[in-house]
Every structure is written in structure tokens, then in C-alpha cells.
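Here is the structure we will look at.
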Amino acid sequence: MLIARLMRNRWLYLMVLPGLLYFLIFKYWPMYGIFIAFKDYQPYLGFWDSPFVGFKHFDRLFSDPNFIVLFRNTFILALYNILFFFPLPILVALMLNELRHELSKRIVQTLVYIPHFMSWVVVVGIAYMFLTTEGGFINVLLEKLGGEKVTFLVSNEWFRTIITTEVMWKETGWGTIIFLAALSGVDPQLYEAARMDGANRLRQLWHITLPAIRSTIIILLILRLGHFLDTGFEQIFLMLNAMNREVGEVFDTYVYAVGISQGQYSFSTAVGLFKSIVGLILVVLANRLAKKFGEEGIY
Amino acid sequence: MPIKQSWGSRLFDGVNAAMLFAFALITVIPFIYVIAGSFATQKELLTRGFILFPTEFSLDAYKYIFSTQTLVRSLLVTVFITVAGTLINLFFTCLMAYPLARRDMDFRKPILMLVVFSMLFSGGMIPTFLVVKQLGMIDTYWSLLIPGAISAFNLIIIRNFFQQLPDGLEESAKIDGCNDLGIFLRIVLPLSMPAIATFALFYAVGHWNTFFNAVLYINDNTKWPIQVLLRQIVILALGGIGDSTAMESEVPPPDQAVKMAVIVVSTLPILLVYPFLQKHFAKGVLLGSVKG
């Protein structure tokens, strides 16, 4: 019976096989490789023969003064993201929704989606062209207005502002799509009925439009909280330099610096594992929270 | 029947539209600044600190960067990675998605669980790096093509899409003596072409923008994709573009213009496919919002 069943589906197995192998090799083998966080991995000894050291690397991480710095930097950047970036797509989506002129709406949408498709290298590159002290747009403007040049790119004070602004510039437009989709499902009769009852635009917005995207907002906020530690890695990696490392170094960039540049594979794996576990817990909690709000959750 | 708008309502509309156009303008001005600057002459860049539109038009920056082997090679590498990588993505993703969409497939649930869990938890940068290294992929193009062959997220969306196709078609094909692979190739794939095109575009943009994997896995600078070269030139300012093949007789164009030209060249292909992207992407995002 079983054999017959397996034979009947043999083509399906054959088709699933390459993908399955992909996941086993590139997703699950690295998960297995996490064990080097509990070893002193030496490339010449290999995975098995490297000595087992237990929690040594975690002890080092938690007693390292860098740990607090990493945590603070990650936390502040994530907080800025939620405070300053997160509400923006909602606001723009609401504004677009009020824009009755179809052509204008399409033009604005077409333009504001563009940056999403640019790589971070391009976005950071453009930011450099704007902010550099050597003829950058902003600094030239400041000088012409009688001010002094500001070393935006190599300063601790400006780092977080620039990171957050770049995200706002790149992703706000794109972020509106999901809200616009939710808004397009609103029955126009609701607005008509409200108008009949004498509700002005603001009241229509408050009583009809906002409730329509309430659950989308909640679920996206929860999702964002679940990925709280995932500050945009490529972006920060590109913006980071010796002069702003103090406020810019986050877990991911630290893993790269210690692991790849310095070759401390075991310690950096431990740092990465710490982040992954906290991330997993946050996602699971966020999902629970979503379900508590009566939403479907994400898995 | 148009309803007469109140004064306040019209003011609201006006302010709203103005603010949205201002936002759109803020979004595109940086591009215009960079594109315009890449066509500027040295004289103009030196005398007027900033320009939105140069009065004198010059192709020097482009002549210069295309005379260097480095940039042309990087572009070719990136084109290759984009084409080969997208084909590999589609092959692996669709081939795996179909059996997982079939209700009569055994072990469907455990395999799906395996996929979903990989979205929630990962080995992380270093263990993945060590696997790629162990497989001997460092400094080969394979390292940019294979480790990202399937996006779990896209896989699940395509699988959901396949699942929505009517079962009847498969049944009749089966009666006609078609095996499962034949059903997939002759019926499911042709029916799904629009959806697959959407994902092809998304994968392709991802490959064109490949950056960090190349930093991680490619040390040999003759194999750098364009984004890595762009970072060298614009952000690290190592001037990696000038090599012996560059024309030396001419006056070198201003540094700024060269940087801007490199940004334009590495962005242009995306802007060219953008109309298609825009046509498809909303669909993609909305598909993505369907629970997996």
C-alpha cells in the first residue's frame, strides 16, 4: 500500500527534492552550525574536533561593555523607526485616499514608490552626494546661507537622524500600498450615508476611514515589534565609519566585524545566536499579541 | 450627481494635494540632482557649488567610466548574476511550490513547517558563511546564485497561487495519461505565467541590487557586482575605477560627476523596468498579505 502510494507520487517527490535539499543545506545546516557558539572553533581543527567550551562566549558577551552599547544602539534606532517612520505611510495613505483626482493620485503614487526598488548602496550613495562636506548639496546650501559646514557623515550626533531619514525617504511610499489596499475595500455607501447625516470630511475620516485600516495598523505594528532587533543591516553597514561607530554599531554589524573581519567565528556566532533567540521570542510574542487583538496572526 | 463642495472641504483638498505633490517632489529631487550632476561640466561644478540643472551639457563622466575596464566588467557580472540568478530562483521556487500545493502530496505539512520555521529562525551570518565556505563557493559566482535560491516567503505565496488553480484541469490531464511533472509543465506553469512574471521581476531586482552577499563571499575584485563597486567609488571613495585602460590624455572629469554617473548607471536598469514593476507589484504585495 505504502509503496504503491509512494510510487504514485514519485514525480512530486522528485520535484520537491531540489528545494528540500536547498532548505536543508542553506537553512538547516547553518542552524546546526550554531553549535560552534559553544565551542572554540578552529578552522584547521574543523567542526568536530574544536574544543567544547560551554557558555564561555556568552559569558564574554554579557560581561563585555560593548554589549550595553550594542543593545542601546539597536534599541534607539528601532525606537526611532517606530516613532518617526511607522506613522508616515499611514498618514500618506490617508492623504492619498482623500485625493479624489485620479490622475494626480497615480502620478504621486508612481513617484513615491520608486526609491523602494533602489539598493541601499544607491540610497546611501545619494545621501553621501548630498551630505558630504566636499561640495554636497546641503553643505553648499548651508554655506550660501551664511552657516558653517556640518560633518554629517562622520558624526555621532547626526547618525541616527540620517539613518531614520533615509528609511523615511526610501520606504514611506511603498509602505502606503498595504493601507491603500485596505482602504479600497471600504464601501463608498458608508461615506454617502455619513454625508447624509451631516458628517464633515474630518468626521468621515475618523469614523469610517480610520476604523477600516485599524486592524492593518495593529498587525503591522505588531509585526514591526516582532522584528524589533532587525535594524536595517545593509543600510547601517554602509553608513558606518570609524567616526560614528559608537552610536551606529548594532548586533548585525558587530557580528560581521568580529566574525568575518577578525575571524572570531565562535564568539560572533554566539552574538548572532543571542540576537536570533531574542528575535524568535519577540516574533512568537508578537503573534500571540496579534491573536489576542482578534487578528489572524502571521503563522 | 455632483455634490456641491463646501469651502472648507475644497481648501482641505487643495492643501492635501499640495502636500502630496511636495512629498513626491522630495522623493524625486535627489534622483534629479544626481542625474543632472552626472551631465555637468567640471567648470560648472566648480563655480556653482550645486546645480539642479547644468547649463552646459557634458558626457565626459560617462565617457570616462565606460572607458574603464572595472565598471564595464562589474556591469557584465551583474547582468550575468541577474539573469542566471533569476532563472535559478524561478526553477527552484516553482518546482518546489507545486508539490506543496497538491493536497495528495505526502509529507506536505512537515515540509511546509520546515519552510516556515526557516523564516522565523536562522543560523545567522557566520554559520551560513561557514557552510558556503565549506562548499567551496567563496570567490565563485555560485555564492551569489545558490545560497538565496529560494525565498521562503515567495515560495509560500506561489504555492498559495498554485493551490487556487482549479483541480479539474489536473484531473483531466491525469486521465489523459499525463504524469505530475507533465501537469506542472504543460498546465500549471502556462496558467501561472503572470504571477511568475511578477516574482521574476522581484527576484531580478534583488539580484541587480545584490550587495552584502558579494561583500561577504567575493574577495576577488574582478568578480564584484556593480553595487560593491559603487560603494567603493562613492562611499569609500577609493577611486577603484581608475585603471590603466582609462584614457589618460583627456582632462579627467570632476570627481563628483563620475560618482554621480556611476550611481545613474547602476540605477538605470531598475528605472527601465520600473513601469513593469509598478504594473505588477501591487499584486505581489497583496498576494503577500494573504496568510501563508
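The values are calculated or read from the model by the stated rules, or taken from the named source; none is laboratory data. What you see is a predicted model, and the numbers here were worked out from it, not measured in a lab. Please note: Cβ atoms are built from the backbone with ideal geometry, for glycine as well, and neighbour counts cover all protein chains shown.
List of remarks:
- Qualifying residue in the stretch A:78-89 (condition: farther than 21 Å from A:Glu249 by Cβ and at the interface with chain B (Cβ under 7 Å from one of its Cβ atoms)): no
- Candidates are the residues of the stretch A:242-296 that are of a type in the set (Phe, Trp, Tyr) and over 22 Å from B:Asn213 (Cβ atoms); the one that is farthest from the other protein chains (Cβ to nearest Cβ) is A:Phe293.
- Number of positions in the stretch A:83-123 that are within 16 Å of B:Thr27 (Cα to Cα) and under 16 Å from the mean Cα position of the chain (by Cα): 10
- Near pairs, Cβ below 8 angstrom, 6+ apart or cross-chain, from the stretch B:10-26 (under 11 Å from A:His101 (Cβ atoms)) to any residue that is of a type in the set (Lys, Arg) and exposed (fewer than 15 other Cβ atoms within 10 Å of the Cβ): B:Asp13/A:Arg100
- Long-range neighbours under 6 Å by Cβ, at least six apart or interchain, first residue closer than 28 Å to A:Ala37 by Cβ within the stretch B:105-124, second surrounded by fewer than 17 Cβ atoms within 10 Å (Cβ to Cβ) and aliphatic (A, V, I, L, M): B:Leu120/A:Leu280; B:Phe121/A:Leu280
Condition check ((1) modelled with pLDDT of 85 or more; (2) facing chain A (nearest Cβ under 7 Å); (3) under 27 Å from A:Met95 (Cα atoms)) across all residues:
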{"position": "B:Trp7", "(1), (2), (3)": "no, no, yes"}
{"position": "B:Phe12", "(1), (2), (3)": "yes, yes, yes"}
{"position": "B:Met19", "(1), (2), (3)": "yes, yes, yes"}
{"position": "B:Ala36", "(1), (2), (3)": "yes, no, no"}
{"position": "B:Phe53", "(1), (2), (3)": "no, no, no"}
{"position": "B:Glu56", "(1), (2), (3)": "no, no, no"}
{"position": "B:Tyr64", "(1), (2), (3)": "yes, no, no"}
{"position": "B:Ser67", "(1), (2), (3)": "yes, no, no"}
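- Scanning the stretch B:196-216 finds no residues that are at pLDDT 90 or above, away from chain A (no Cβ under 12 Å), more than 30 Å from B:Arg108 (Cβ to Cβ) and in a helix (DSSP H, G or I).
- Residue in the stretch A:168-175 that is crowded, with 21+ Cβ neighbours inside 10 Å, farther than 26 Å from A:Val247 by Cα and within 17 Å of the chain's Cα centre (by Cα) present: yes
- Comparison of A:Phe130, A:Phe117 shows that the only residue that is within 7 Å of chain B (Cβ to nearest Cβ), over 30 Å from B:Val131 (Cα atoms) and either in contact with a Leu (Cβ under 7 Å, 6 or more places away or on another chain) or aromatic (Phe, Trp, Tyr) (or both) is A:Phe130.
- Residue in the stretch A:237-249 that is of a type outside the set (Val, Ile, Thr) and more than 28 Å from A:Ser155 (Cα to Cα) present: no
- Only listed residue being under 25 Å from the mean Cα position of the chain (by Cα) and of a type in the set (Ser, Thr, Tyr), chosen from A:Tyr80, A:Tyr44: A:Tyr80
- Identification of helices (runs of 4 or more DSSP H) wholly contained in the stretch A:183-234 with 1 or more residues that are in contact (Cβ under 8 Å) with a residue 24 or more places away in the chain yields A:201-204, A:210-226.
- Single match in B:Ser172, B:Ser151 (criterion: more than 10 Å from chain A (Cβ to nearest Cβ) and free of Cβ contacts under 8 Å to residues at least 40 places away in the same chain): B:Ser172
- Any pair with Cβ under 6 angstrom, 6 or more apart, that starts in the stretch B:193-217 at a residue that is closer than 15 Å to B:Phe161 by Cβ and ends at one that is of a type in the set (Phe, Trp, Tyr) and assigned to a helix (DSSP H, G or I): B:Ala195/B:Phe161
For (1) of a type outside the set (S, T, N, Q); (2) crowded, with 17+ Cβ neighbours inside 10 Å; (3) closer than 14 Å to A:Pro30 by Cβ; (4) more than 10 Å from chain A (Cβ to nearest Cβ), each residue gets a yes or a no:
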{"position": "B:Arg102", "(1), (2), (3), (4)": "yes, yes, no, no"}
{"position": "B:Met105", "(1), (2), (3), (4)": "yes, yes, no, no"}
{"position": "B:Phe117", "(1), (2), (3), (4)": "yes, yes, yes, no"}
{"position": "B:Ile126", "(1), (2), (3), (4)": "yes, yes, yes, no"}
{"position": "B:Asp139", "(1), (2), (3), (4)": "yes, no, no, yes"}
{"position": "B:Leu145", "(1), (2), (3), (4)": "yes, yes, no, yes"}
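- Count of the stretch A:77-114 residues, restricted to those that are free of Cβ contacts under 8 Å to residues at least 60 places away in the same chain and touching a Ser or Thr at 6+ places or on another chain (Cβ under 6 Å), is 0.
- Condition check for A:Gly33: within 14 Å of B:Gly123 (Cα to Cα), crowded, with 16+ Cβ neighbours inside 10 Å and among the small types (Gly, Ala, Ser): yes
- Looking across B:Ile81, B:Ile65, B:Ile35, B:Ile88, one residue alone is more than 21 Å from B:Lys223 (Cα to Cα) and in a helix (DSSP H, G or I). It is B:Ile35.
- Some residue of the stretch A:100-114 being at pLDDT 90 or above, more than 7 Å from chain B (Cβ to nearest Cβ) and more than 21 Å from A:Ile178 (Cβ to Cβ): yes
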